[in-house]
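Below is one structure; the comments refer to it alone.
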Amino acid sequence: MNSTNTIIIFLGCIMSIILFGKMLILPIKMIIKLVINSILGGLIIAGINWIGASFSLHIGLNVFTAIFVRYTWCSRSNTTDSD
């Protein structure tokens, strides 16, 4: 094996690593955004439950309601998440 083949194989490996890295960055960003929105939605629900305790108002706190509240909170306040 000569040095030209070695360099071509080396560059091919580097290009494949870059390609797979770029393919995986989008799902990671989506997962991080989902986690952040779930945490913020949970905090909003906890705040509503804390204030609504005197009015006998209670919203169940789980992952689905946290995501729903966070997304509806953003859409109704006309704010957008930009990345």
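Full extension of the segment from LEU43 to ILE67, taken as 0.36 nm per residue of separation minus the current Cα-Cα distance, would add 7.5 nm.
Shape verdict for the range 3-76, please, from the Cα gyration tensor: rounded (a/c under 1.5), prolate (a/b greater than b/c) or oblate. Here the range 3-76 falls in the prolate category.
Listing PHE10, PHE55 from fewest to most neighbouring C-beta atoms within 10 Å gives PHE55, PHE10.
Only the coordinates and a few stated rules stand behind these numbers; no lab work does. This is a predicted model, so every value here is computed, not measured. For neighbour counting, all protein chains shown are included, and Cβ atoms are generated from backbone atoms with ideal geometry for every residue, glycine included.
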